[in-house]
Structure formats: C-alpha cells, structure tokens
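Below: the structure, in structure tokens.
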Amino acid sequence: MEFQKVIHLLYVPTKYCNMNCKYCYLGEMTESKPEPDKILGTLDTALAQLLDHGYLPFNLSFHGGEVTTLPSHILDSLFATAARHYAMYGEQIKSQGFQVNPLHIKTNLLNFQKHWDIFIKHHISISGSVDLPLRLHEQFRRDKKGLSTLKRIQDNLKALTAYPYNKKISCVVTRAHFEAVDEFIDAVKYLHYDIGLDMSRFNIMFGFDSAKQRNKIAGTEMLNDAEQVKFYRAIKKAFIRTPLENAFKTEWFKEFTPDFCCSSVNCGGKFFLLQSNGSVFSCPRGQSSEDYCYGNIYKDDIETIISNGWSNIERNENCMAIDDECERCEYIHYCNLGCTFVRQESGLKKSYTCLLQKELYRNNPNRYPPLTVENISRYAQQFFLSNNIQRLQDFHVEKQHFVTPELSLESNWLSEIIHRDANLRALYSDDLFFLRVNGVNYRLHSAILKNAGHIEVLDAESEVLLGVRKDIFGLACNDEVNNYLHLMLLRDTAVVYGDEQRFKQEHIFDYSLYKNAFMAASWVEGKYALLDITPLLVSHAQFYLDGVKNNLFFTTKALRKYHYGKQKKNAFYHIQAINLPFQNIDFFWERRKY
Ligand code: SF4
Ligand code: SF4
Ligand code: SF4
C-alpha cells in the first residue's frame, strides 16, 4: 500500500497520573480515571483508520497522564498492538527513510518495577522523568495525596540501571533548579558515576508558565532566556572534557534543536496525540487546551482530523503577535519561533528558549549556518504567509513609487527613440552647434546624452563665437522665417519649479534671434554661420556669481517645440528627457579681469 504521509502518534491510554507535580501543565486533568473498556479499542480503531486513509504512524509511543497506572495485562495488550504495527509496517517505515524505533513509554517511574516483566517482554524503551537535585524531587514531585515519592524513585532509578533495553531520564528545569545548578550537576554525576545509570541519554527541558497554573508555587517559575543560557553554560563548564562531554553536546539540550517538533513551521502536520476516548490533540502539552484538539476518531473522519492538525496550528499562530527580532533573525529557519503552545500559554512573542537556541546554533556553525540577510527576508515572508498573515501586510505595504518595467525594454531606451525619429536625430545631433572661445572650437553635445563636457572660464575679454549649422532653421519646421535661434542661460543656484516641486537650475535669460536677423548678424564659414555672442554674455555679467557654474543652452524655436510635443506624445521619451536635452556649455565667469 502507498502511504501519503508518515506521522508521529502518541497514545495516551489514560490521562490519570498518580503524581501531583507542582509544575504539571495538565492540571486537574490528571485526576480523570481511565476507561479500561476503551483503551485497547481506541488504539486499534485509530490505527486502522489512519492506515486505511494512507497515514502511516512511524513513531508510536505511549504517554500520560501516567501509563504505568494501568494494569500490567492492559499494558501487555497495548504493547502487543504496537509491536504488531511495527512488524507489519516496518519495511514501509524504513522505505520512507525512517528507522523502526523500539516501543517507547514516558513514565514518572513510580510504578516502574511493578511492570518490569511486561517491559522486558516487549523490549520497551523507557523515558523516566525526575527532578534533579533529588531534594527538589522531594519538594515538587509528590503523589496525589501529597506524600513523598522519593524513596520509590531512588529505588526505581537503581532498578533502571539494570534494565537491559533503551532507557533515559529527563528533567524539567525551573527557578529552583537554576538556583541549585551546582547541586544539579552533582546529581547528574551521582546518577552516572555512583548509581551507574548511563546519563549519556538524558534530556533537559525548561518549565514554562501555563494558563493552568496561574498561582505559581515558589521555585517553579519559568526562567527567562538569559537565565537558561547561564544554566546551559554552567552545565557545559562542568561536563566539557569529561566522559559525558559528547552527551552534553549531542543529547542533553537536543529538545531545542531543529530535531524536535518545537522547531517546525507547523507541528500540526506531523505530530498527533490520541486519547483513549478518541480525541486527537497535538501533543502532551496541547492536550490541556481545546485550541489544540483536532477532533475525535469516533465523531470526525480521519481526513478532517489530519487537516485540522495543520489548520488549527496555523489559526493559533495567526492569533499571536511576533517579535520584530524574529523577522530579522538569521536562525529563523531552524527555530520558526519555537513551540506554538508555549508561546500562547506564556504570552511571549518568540521562542521561550530563544537565546539558548542561538547559543546552540552558534556553537555548531557547520551544522547550523546562518541565513544571509536577503534569505532571512525571503524565508520570513514564507513563514508569515502561513503563520502570521497580518505581518505579511507590513512586507507588502502599498507601493510608494512605481516605475513600469517597460522602461527598461531596449525599444524604449532614449537612444532608440531618437534613432527612430528624424527630427529628434537632428535635435540631438552633435554637429548642430560649436562654440569658438578665443579661437578654440568646442563641438557642443546634448546635455543629457553626453558623459563628459567642457567647462569654460570666461571673462569680459573672452571672444565667444557661436557656430550654427546653416540648415538649422528648416529642421522640424516648414515656416523658417518664423523660426528663431534660441539661447537659454541657467545658473547653478537651485530654485523650486512647478507642480513637480523640482529643484532646478535657476533661469537667468532667454534670448531669441529670428532667422533673418540671425543671417544678417552672422557670417558663413563652410556649412556653419557664425554669430558673435560676446556682447550678449558680457551684458549679463552682473548675474554671474563667483564660483557658481552657468549653463548655456542652444536650440531653435522649432526644435524646442518638437521636443515638448514629443514629451506629450511619448511617456518613455518624456521621462528620459525630463531635463533640457539641448546642446550646451558650462562656464564660470572670471570677475577679476572685468
Ligand atoms: S508525572 Fe507528569 S503527568 Fe504526572 S503530575 Fe507529574 S508532570 Fe503531570
Ligand atoms: S504544540 Fe509545541 S510541543 Fe506540541 S507538537 Fe506543537 S511544537 Fe511540539
Ligand atoms: S532564535 Fe529567537 S529571534 Fe531567532 S527566530 Fe527564534 S525566537 Fe526569533
């Protein structure tokens, strides 16, 4: 059979727990009594329905409440069901790239020895939770009647050392553990070296403040992330260069790496917890909140439940605000802001172990290379698209400016537009004018096409002759007698013009000389007519400022009109010829000689 998806499935055969830990996030839920008649049937039914719809549980574990409060024969049957599942689907699990794990339970260890034979029979992998140092276990992890569990736990820890199959212990760290970090370290050493319990498989978790425990017991408060890092560094200092160094590096803080559900973009796509009444939740944490309930196998069809997994987590994510720092974080792709449930319960806007995660990533840069700035933004947008659509609107604020991409098409380049238009070719031509200053000729080019130009220094003694191509009055014009040579002088002192409110060079004068007058005042030299413009320049000398550039343009009435007409007709031309396009020369005026 082809499976469309592999999932983690935790089965909670009972929510009841025989302990009453002070920091338990399940609250009164652990008081509910088991319903033995449903325990086996629910697991069978769920497995059959899941497999039937193409969902393959590749990791099947048992969780509480407390699994070991059930009678041994029920555990035996449950484990047999799980073993059958692995036997039947082990090959498919492997073909999907996963290993077939041993059957696994999470337990508080109180009844561990009671079920010893059943555990041995099914090679059960045991994950036991304790408080370290053990004096805090005495304080926080008492039974339902408030009695000490310490003696039994110590005995069971010793028994666990002799247990021949997989075993590990885990430990929740809150303020009291943080304040007793040296004792915590001693306790780890005691278990490993004195009792002989292999601590290379040990998990540290950090407690968090949840809605179920508004009246916090002193010592069970959650640590802030700076304190978590301090705790981590104390552990590091104690175990680096010891036989437990590798365990510290690879196992003890693994929960805060991308290997765990907390680092998923949406854990609801893969992680499911089934209760014996048929209700499906996200995980042990989530089973304390209806927001993390995906449905019930006795009331809802499997496809709905599976799709609720993804959509409920997405909905929960979208109800929360996000810390601005995450949007810029180079590790966002490993972290994905951590556990949705913890953020919702604690009211934080980012992962409650943010700093610790960053420390873990930075300590292992080969495994966790950071994102580049460009990729952070790209990843964050994808993340917000599913988890915080509100935030995405910040990324996509209305455009503040727009330039049509057509502008960059070669056919719309200014050079192409000029090339296609005979009048523009004439208007922009670089043999239309030249300037002869004190006997030296300068060919004049269009002010917007040239990349370099001459800057002259003139004074009252300078002789300035303007050479004008003789056919100029017929360009873009069929009424030559009405056409004139047009000179415009601008000065590099900025003024604000028009609706555009542009800062532009200040206009000093316009000078127009009609064709016939020009012809009378000029003399011919080859294909040019020369006009002495020295008197014109000198007569405006009072407007030339020391150290300020002046800018003299040359064109005709007809070419100027053609330019503005073209601007009206062609937006691509207009935008590229927004500044005066005519031939020009810049000059400074030397006043000393005047
Ligand atoms: S052992 Fe686990 S489920 Fe039981 S009270 Fe303690 S934390 Fe809660
Ligand atoms: S709610 Fe948190 S703990 Fe539960 S599956 Fe999602 S990420 Fe994991
Ligand atoms: S590591 Fe911290 S800042 Fe970075 S994404 Fe995670 S929670 Fe946000």
Answer from E255, E245 - the residue that is at pLDDT below 95, closer than 23 Å to R201 by Cβ and either more than 9 Å from ligand 2 (Cβ to nearest atom) or surrounded by 18 or more Cβ atoms within 10 Å (Cβ to Cβ) (or both)
E255
Suppose we keep only residues that are more than 16 Å from ligand 1 (Cβ to nearest atom) and under 14 Å from S210 (Cα atoms) within the range 339-349. Which one would you say is farthest from the chain's Cα centre (by Cα)?
S346
Within the range 385-412, considering residues that are touching a residue at least 60 places away in the same chain (Cβ under 8 Å) and surrounded by 11 or more Cβ atoms within 10 Å (Cβ to Cβ), the one farthest from the chain's Cα centre (by Cα)
N412
Give me the pairs, please: first residue somewhere in the range 140-155 and without any contact (Cβ under 8 Å) to a residue 40 or more places away in the chain, second residue anywhere and assigned to a loop (DSSP other than H, G, I, E, B) and surrounded by 15 or more Cβ atoms within 10 Å (Cβ to Cβ), beta-carbon distance under 8 Å, and either six or more positions apart or on two chains.
S148/R142
If the requirement is being more than 16 Å from ligand 1 (Cβ to nearest atom) and not in a helix (DSSP H, G or I), which of these qualifies: Y379, Y334, Y352?
Y352
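Go through the residues of the range 330-343 one by one and say whether even a single one is closer than 25 Å to F206 by Cα, without any contact (Cβ under 8 Å) to a residue 24 or more places away in the chain, surrounded by 19 or more Cβ atoms within 10 Å (Cβ to Cβ) and within 13 Å of ligand 2 (Cβ to nearest atom).
Within the range 330-343, one or more residues are closer than 25 Å to F206 by Cα, without any contact (Cβ under 8 Å) to a residue 24 or more places away in the chain, surrounded by 19 or more Cβ atoms within 10 Å (Cβ to Cβ) and within 13 Å of ligand 2 (Cβ to nearest atom).
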Residue check, G41 under 30 Å from G97 (Cβ atoms) and of a type in the set (G, A, S)
no
Looking at the range 39-64, which of the residues that are buried (at least 17 other Cβ atoms within 10 Å of the Cβ) and of a type outside the set (A, V, I, L, M, F, W, C) is nearest to G295 (Cα to Cα)?
T42
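Under the condition of being among the hydrophobic types (A, V, I, L, M, F, W, C) and in contact (Cβ under 8 Å) with a residue 60 or more places away in the chain, which residue from the range 25-42 is nearest to ligand 1 (Cβ to nearest atom)?
Per the stated criteria, the residue is L26.
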Looking at (1) assigned to a strand (DSSP E or B); (2) in contact with a Phe, Trp or Tyr (Cβ under 9 Å, 6 or more places away or on another chain), find the lone condition where Y511 falls short.
(2)
When (1) under 21 Å from L110 (Cα atoms); (2) under 44 Å from the mean Cα position of the chain (by Cα); (3) assigned to a loop (DSSP other than H, G, I, E, B) are applied to S148, the one that fails is (2)
Name every residue in the range 17-37 that is crowded, with 17+ Cβ neighbours inside 10 Å and either away from ligand 2 (no atom under 16 Å from the Cβ) or of a type in the set (S, T, N, Q) (or both), in order of residue number.
C17, N18, M19, N20, C21, K22, T30, P34
Filter the range 43-55 down to the residues that are in contact with a helix residue (DSSP H, G or I) (Cβ under 8 Å, 6 or more places away or on another chain) and either touching a residue at least 40 places away in the same chain (Cβ under 8 Å) or more than 30 Å from I93 (Cβ to Cβ) (or both) and list them by number.
L43, Q49, L50, L51, D52, H53, Y55
Among the residues of the range 470-480, are any farther than 15 Å from M519 by Cβ and part of a strand (DSSP E or B)?
no
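Each row is one residue, and each column tells you yes or no for (1) more than 27 Å from A159 (Cβ to Cβ); (2) in a helix (DSSP H, G or I); (3) of a type in the set (D, E, K, R).
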position	(1), (2), (3)
V6	yes, no, no
Y11	no, no, no
K15	no, no, yes
E28	yes, yes, yes
D37	yes, yes, yes
F79	no, yes, no
A82	no, yes, no
G90	yes, yes, no
K106	no, no, yes
Mind checking which pairs have a first residue in the range 423-437 that is within 15 Å of K470 (Cα to Cα) and free of Cβ contacts under 8 Å to residues at least 60 places away in the same chain and a second that is crowded, with 17+ Cβ neighbours inside 10 Å and among the basic types (K, R), Cβ under 7 Å, 6 or more apart or different chains?
D431/R469
Check off (1) of a type outside the set (D, E); (2) closer than 16 Å to Y16 by Cβ; (3) touching a helix residue (DSSP H, G or I) at 6+ places or on another chain (Cβ under 7 Å); (4) surrounded by fewer than 15 Cβ atoms within 10 Å (Cβ to Cβ) for K145 and give me the number that stays unchecked.
(3)
Evaluate the following for K121: is it within 16 Å of ligand 2 (Cβ to nearest atom), in contact (Cβ under 8 Å) with a residue 24 or more places away in the chain and out of contact with any Lys or Arg (no Cβ under 8 Å at 6 or more places or on another chain)?
no
Listed residues K230, K216; which is assigned to a loop (DSSP other than H, G, I, E, B) and either crowded, with 19+ Cβ neighbours inside 10 Å or more than 16 Å from ligand 2 (Cβ to nearest atom) (or both)?
K216
Every residue in the range 82-97 that is among the hydroxyl-bearing types (S, T, Y) and either surrounded by 13 or more Cβ atoms within 10 Å (Cβ to Cβ) or touching a Phe, Trp or Tyr at 6+ places or on another chain (Cβ under 7 Å) (or both), please.
Y86, Y89
Residue in the range 252-268 that is free of Cβ contacts under 8 Å to residues at least 60 places away in the same chain, within 16 Å of ligand 3 (Cβ to nearest atom) and not in a helix (DSSP H, G or I) present
yes
Those residues that are in a loop (DSSP other than H, G, I, E, B) and of a type in the set (A, V, I, L, M, F, W, C), I need them from the range 269-294; list them, please.
C283
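The values are calculated or read from the model by the stated rules, or taken from the named source; none is laboratory data. The structure displayed is predicted, hence computed values, not measured ones. Cβ coordinates were reconstructed from backbone atoms using ideal geometry, including for glycine residues, and neighbour counts include every protein chain displayed.
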